[in-house]
Structure formats: structure tokens, C-alpha cells
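Engineer: Mind having a look at this structure? Questions to follow.
The values are calculated or read from the model by the stated rules, or taken from the named source; none is laboratory data. These figures come from a predicted structure and were not determined experimentally. Please note: Cβ atoms are built from the backbone with ideal geometry, for glycine as well, and neighbour counts cover all protein chains shown.
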Amino acid sequence: MRSIRGFALLQVFHNRSSLRAAALSFLLSLMLFAAVQPAHALDAISVRSDAPAIDLTGVLEFQRSDTDRIQVSTAPGTDGIVRRIEVRAREGGQNWIVFALTNNTDDQLDRLIVVPHYRIVSSGLLWPDLGLSRVASITPSTGDRPERQENATADVFRITLDPGAVITFVAELRTDKIPQLYLWEPEAYKDKVNSFTLYQGIVIGISGLLALVLTILFVVKGSIMFPAAAALAWAVLVYIGVDFGFWGKVFDMSAGAERVWRASGEAMLAATLLVFLFAYLNLSRWHVRYSHITMGWLL
């Protein structure tokens, strides 16, 4: 009887050992299968001739390298083959974005890759993004390197897509993120810039005229309301002038100086807005603590 029980225990132990060995072999097979899988291929965005602008921000693949070189997998070509390319940074950057474009039309297409230096959306509150050049260079998988176009407020590169071509672009970044990336048809982008130039000129003219009128009223009348309103108007004029790139054209400022002006304009706008609200609502009559809070905020 004891020998039978011992044999049964040995049989159970042997079965459990076999199950563990089988499970371990299965896991090792899965790991080996995953290791030999091909690299993830990009999905090429089709560029249509009737599309004036395409937002590519949501399809960008952000990558980071440990050195000034990076190897990426291209989008599948017309033959379905995924290739590997190596790109070397021109400015020693380690942040990259990768995207792919395809031209399924029968015509050659010229497009502009536009990355703005600054957008107020998602720019941050405590440590705001004050704007600077984002893209150092762009390298295509095939063809000539895109040409950088002169622009004071955005990084603009001109590319050419041949009929049926599938091209992967690797962009070297100067920062770890970009606010936006659009693909524009050249004439549509030119019309957009011209329309915004007219709009910006009108806004700056109205702001300057309003600031001048309020300053004259402050000189004529000694009420605290008018100097607060005049200071707010001048702060708004300074801020929108920086945001529209107007002061950079007038004073020929560098990118670093423009960032200082932007930070100063935002600080002036916040301070003068608080003073205007304090004077307009006459908070000093409500409670003396409001005056202390206002002075503490300004300091």
C-alpha cells in the first residue's frame, strides 16, 4: 500500500514538473517570436491635390536618441518593403519627429511644412513656453533635403512629392515638443499670411489709437480710472505687438530678445489688468484687505 501511494505521489510530481516545463517553453517561444517581429512601420498620410492644409500634429511619432544619430523604419513603399534609414543630427539634437507622406495623384505636388514658434494654446501657466525655433533640419528617406524658407514666426520647409512617391521625413528638433505641424499648399499659405497681416494691422492700429486716447484723457482728467485704463491699453498694445511679431520687425529683435519681450508683455498685462479692476470696482472702499492683496500681487 505504501509503495502504491509513493508511486502516485511521484506521478503527480512528474506531471506538475512537465506542466511547468511546458509553460516555460511556451513563454520563451512567445518572447522569441516578439523579438523577431519586424519594427513598427509608419502609416503614410495621403496628400491630395485639393487639400489646402493638412494637420499632421496628431500623427507625428516622437523619438529620442542617446547620440546624435537615429535609425528609423520607413513607411512601406509601393513594393511593400519597410526599410531602415540612419539620420545624423546637424546641431547635435537628440529629439526627433518622424512622419510619412504619399502622393497618390498623377501630378507633382509642392507643399510647405509649417511649425509655428509659438501658440498660446497649451503654452503653460507657471513655466510658460515663450516661443522659439523648433525644427533644426528635416531629412527625407529619398530625394533632396527640404529647403528652409525665410519666416520670422515659424519654421517653414518646402518639399516636393513626385507622383506615387512614399517618403518618410525625419525632423531634428531643438526642443522636446512642438506646438503644431501643418502641411500647406504654398498659395493657400501665402493667402493665409496676407489675410492675417491685414487683420493684425487693424488690431494694432485700434489698440494704439485707444491707448493714445486714454492717455490724453488721463492728462485732462485726474481720476484714477483713466491712468489704470491707459496703462492696460498700452500693455495690450505691447503684448499683441510681440504676439504678431510687429516689434521684431520694427526693432530687428533676435529670438532671445523677443522671448524677453513676450515675458515682459505678459507680466505687464497681468499687472495692469489687476490695477484696472481694482480702480474700476473701487475695491479700496469695500475693505482695506483688498488693497493689501492687490499690492502683494503686484510685488
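Engineer: Taking only pairs six or more apart or across chains, which ones have beta-carbon atoms under 9 Å, a first residue in the stretch 84-96 that is without any contact (Cβ under 8 Å) to a residue 60 or more places away in the chain and assigned by TED's automatic domain parsing to the domain that holds Ser133, and a second residue that is surrounded by fewer than 10 Cβ atoms within 10 Å (Cβ to Cβ) and of a type in the set (Val, Ile, Thr)?
Structural biologist: If the second residue must be surrounded by fewer than 10 Cβ atoms within 10 Å (Cβ to Cβ) and of a type in the set (Val, Ile, Thr), the pairs left are Gln94/Thr67.
Engineer: Has the stretch 188-201 got any residue that is within 16 Å of the chain's Cα centre (by Cα), modelled with pLDDT under 95, among the polar types (S, T, N, Q) and crowded, with 16+ Cβ neighbours inside 10 Å?
Structural biologist: No, the stretch 188-201 contains no residue that is within 16 Å of the chain's Cα centre (by Cα), modelled with pLDDT under 95, among the polar types (S, T, N, Q) and crowded, with 16+ Cβ neighbours inside 10 Å.
Engineer: Using the structure shown, decide if Val203 is of a type in the set (Val, Ile, Thr), on the phi < 0 side of the Ramachandran plot and touching a helix residue (DSSP H, G or I) at 6+ places or on another chain (Cβ under 9 Å).
Structural biologist: Here the answer is yes, as Val203 does meet what is asked.
Engineer: Another question, if that's okay. Might you let me know whether the stretch 122-134 holds any residue that is farther than 23 Å from Met253 by Cα, surrounded by 13 or more Cβ atoms within 10 Å (Cβ to Cβ) and in contact with a strand residue (DSSP E or B) (Cβ under 7 Å, 6 or more places away or on another chain)?
Structural biologist: No, there is no match, as no residue in the stretch 122-134 is farther than 23 Å from Met253 by Cα, surrounded by 13 or more Cβ atoms within 10 Å (Cβ to Cβ) and in contact with a strand residue (DSSP E or B) (Cβ under 7 Å, 6 or more places away or on another chain).
Engineer: Follow-up. Among the residues of the stretch 163-187, write down those that are loosely packed, with under 14 Cβ neighbours inside 10 Å and either assigned to a helix (DSSP H, G or I) or among the aliphatic types (A, V, I, L, M) (or both).
Structural biologist: Glu187
Engineer: While we're here: If a residue has to be touching a residue at least 40 places away in the same chain (Cβ under 8 Å) and either among the β-branched types (Val, Ile, Thr) or in a helix (DSSP H, G or I) (or both) to count, how many in the stretch 54-82 make the cut?
Structural biologist: Residues meeting the conditions: 8.
Engineer: Moving on to the next point. List every residue pair whose Cβ atoms lie under 7 Å apart, where the two residues are 6 or more positions apart in sequence or sit on different chains, the first residue falls within the stretch 139-151 and is touching a residue at least 60 places away in the same chain (Cβ under 8 Å), and the second residue, located anywhere, is surrounded by 12 or more Cβ atoms within 10 Å (Cβ to Cβ) and in a strand (DSSP E or B).
Structural biologist: Pairs found: Ser141/Ile85; Ser141/Ile167; Ser141/Thr168.
Engineer: Further, regarding this structure: Please determine whether any residue of the stretch 144-159 is modelled with pLDDT under 90, part of a loop (DSSP other than H, G, I, E, B) and either small (Gly, Ala, Ser) or over 25 Å from Ala51 (Cα atoms) (or both).
Structural biologist: yes
Engineer: When the residues of the stretch 87-133 are filtered to those that are aromatic (Phe, Trp, Tyr) and part of a loop (DSSP other than H, G, I, E, B), which remaining residue is nearest to the chain's Cα centre (by Cα)?
Structural biologist: Per the criteria, the residue is Tyr118.
Engineer: Here is a check on your reading of the model: is Val238 under 28 Å from Gly131 (Cβ atoms) and either at pLDDT below 85 or outside any helix (DSSP H, G or I) (or both)?
Structural biologist: The answer is no for Val238.
Engineer: I've got another one for you. Here is a list of conditions, (1) outside any helix (DSSP H, G or I); (2) touching a residue at least 24 places away in the same chain (Cβ under 8 Å), and Met253 meets all of them except one; can you say which number that is?
Structural biologist: The failed condition is (2).
Engineer: In addition: Which condition breaks for Ala154 when tested against (1) closer than 21 Å to Ala263 by Cα; (2) surrounded by fewer than 20 Cβ atoms within 10 Å (Cβ to Cβ)?
Structural biologist: The one condition Ala154 does not meet is (2).
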